[in-house]
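Before any comments, here is the structure.
The values are calculated or read from the model by the stated rules, or taken from the named source; none is laboratory data. Small disclaimer: the values here were computed from a predicted structure and weren't measured. All Cβ positions, even for glycine, are placed from backbone atoms using ideal geometry, and neighbour counts span all protein chains on display. Ligands, DNA and RNA are stripped out before the accessible areas are found, and what is left, the full protein with its side chains, is counted by its heavy atoms. Shrake-Rupley method; radii C 1.70, N 1.55, O 1.52, S 1.80 Å.
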Protein chains: 2
Amino acid sequence: MPTSENDSPPVYREIADALRSAIDSGELSDGDRIPGENELMKRHGVARATARQALSVLINEGIAVAVRGSGVYVRAFRPLVRHGRARLSRDLWGAGRSIWEADAVERPFAADSVTVAELLAPAHVARALGLGSDEQVVARRRRYRLDGRPMQLATSYLPAALVSGTPVTREDTGPGGIYARLAELGHAPAHFTEEIRVRMPSPDERAQLALAPGTPVLHIMRVALTAGHRAVELNEMTLDGSAYVLRYDFEA
Amino acid sequence: MPTSENDSPPVYREIADALRSAIDSGELSDGDRIPGENELMKRHGVARATARQALSVLINEGIAVAVRGSGVYVRAFRPLVRHGRARLSRDLWGAGRSIWEADAVERPFAADSVTVAELLAPAHVARALGLGSDEQVVARRRRYRLDGRPMQLATSYLPAALVSGTPVTREDTGPGGIYARLAELGHAPAHFTEEIRVRMPSPDERAQLALAPGTPVLHIMRVALTAGHRAVELNEMTLDGSAYVLRYDFEA
């Protein structure tokens, strides 16, 4: 049991602190069951509402997950490693493989709910692609799942002037995906810029990615540029923050 | 007012949705004041508790911030851009400048509460640096502030066998910082690997970084390697997720 500070914290917080310490020390580890309401009530001599409040602190911090009808567990962090450079190397998509195979390693990655539409470039897209405010883009939206679990939402925007009527606008873009098709059109990506920020999900993102409480999202904006530094794609991605480690390698 | 769905959501959630839409559409933008409890009570004909609950939804999502005695505001996102490659280029630290100057641009960055200690390598540090479990490391802990606001916690671990008794162990490591000192010792960093994950802060991190509710942290593990691929530093960083955009550039 933690001792109280000068102005002692509420009891539910002391219980949460004790459980958090047990997790930090490894006494409770990834996927372990956390003592339930009944056990906390008995162990600490508190009311059910207090026990529940203690558990909800850990759930809202994202270090515990409630499984309906089963209990509360230490959240396991067994992420995918998304490797900036290796993922996008031309060797990969040049040979007709999906970028995603590099992330998913041996596990099957699936895109669902693919939609393709032509629309007026939204302001931030026009800015990223260097387009005028009256120019059209092709928007490809999809969600990626791994082992049936939704992991990522992604929307690629490409200048309609470059890709309208080409295989880039098909639902299935064929081997090597849109980068291989861009290369065939004479616009092979040569440089990439990724900007990453983090935030809590919107209710819509929370639903689409089936996120547990206390789960932030990674928001990545990636711009693909040709050797001549023409921006040919903006890919706006929202990743389940509990499912990914992003890795980047670079030289001094 | 939003219309109710088939099974209608609670009223506080409808009010939160309406305010979120106003923010998404730009009707309310960065730093704007959000209608307060009194105004929401009048506008929607609800009790104070309901109005307060609606505002707390937005605060917990991190899109609004409560300012004590003033009201609730749309959270402004005016981040620092932390640029992977440019920040660490040898041109910068080779010339005796701090890495941080690249982030802070014209603004003053200050490190406070610097502590230096020699300790047995923690397991994850030993793994990252390729050390045995009985080897010592020098740990440099500090917090960075910008305009007085805490932005980042960082702890650098270096093999004691390399740096013990050298200027790397001083509180002030001099012009160019530890990378310039490592270069003088014949261990100039040549390659960097960064692994980024995101999570909610621990209570201690929340206090040290003075984080508002609904603010996740970026957790970066950076390993510096020599030209001969010897790991000479692990820097473990915790960044205020509302204060940073991370940028990486790379080639296809």
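The table below lists the values:
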| item | result |
| --- | --- |
| Vicinal HN-Hα couplings computed from phi for the range B:142-153 (Karplus, 6.51 cos²θ - 1.76 cosθ + 1.60; Hz; Gly/Pro x) | 7, 10, 9, 10, 9, 6, x, 8, x, 10, 7, 9 |
| Across the identical copies, how the residue A:132 labels are spaced - nm, sorted shortest first, 7 Å along Cα→Cβ | 7.1 |
| Rg(Cα)/(2.2 N^0.38 Å) for the range B:121-252, N = residue count | 1.12 |
| Cut-off under 5 Å, modelled amide H: who pairs with residue B:28 long-range | B:23 |
| Copies compared at residue B:205 - label distances in nm, ascending, label defined 7 Å from Cα in the Cβ direction | 1.7 |
| Per-residue mean of C-beta atoms belonging to partner chains within 10 Å, peptide B:238-251 | 6 |
| Spherically averaged projected area in nm², based on the convex hull that wraps the Cα atoms of the protein assembly as shown | 27.5 |
| By accessible area with a 1.4 Å probe, ligands and nucleic acids excluded, highest first: order of B:143, B:197 | B:197, B:143 |
| Amide H contacts under 5 Å for residue B:190, placed H, 5+ residues apart | B:225, B:226, B:227 |
| Cut-off under 5 Å, modelled amide H: who pairs with residue A:47 long-range | none |
| Average accessible area per residue (Å²) across chain B - probe 1.4 Å, nucleic acids and ligands excluded | 47 |
| Fraction of accessible area attributable to carbon and sulfur, chain B (%, probe 1.4 Å) | 49 |
| Calculated from backbone phi, Karplus (6.51, -1.76, 1.60) coupling profile of the range A:219-226 in Hz, x at Gly/Pro | 10, 10, 10, 10, 10, 9, 10, 6 |
| Viscosity 1.567 mPa s, temperature 4 °C, Stokes-Einstein D of the range B:11-74 from Kirkwood C-alpha radius, µm²/s | 113 |
| Where rotation carries A onto B, the chain A residue whose Cβ is nearest that axis, in whole Å | A:216, 2 |
| Phi to ³J(HN,Hα) by Karplus 6.51 cos²θ - 1.76 cosθ + 1.60 over the range B:200-209, Hz, x for Gly, Pro | 6, x, 6, x, 5, 5, 4, 6, 5, 9 |
| For chain B, calculated [θ]222 nm from helices alone, where every DSSP H run of n ≥ 4 adds -39500 (n - 2.57) | -7500 deg cm²/dmol |
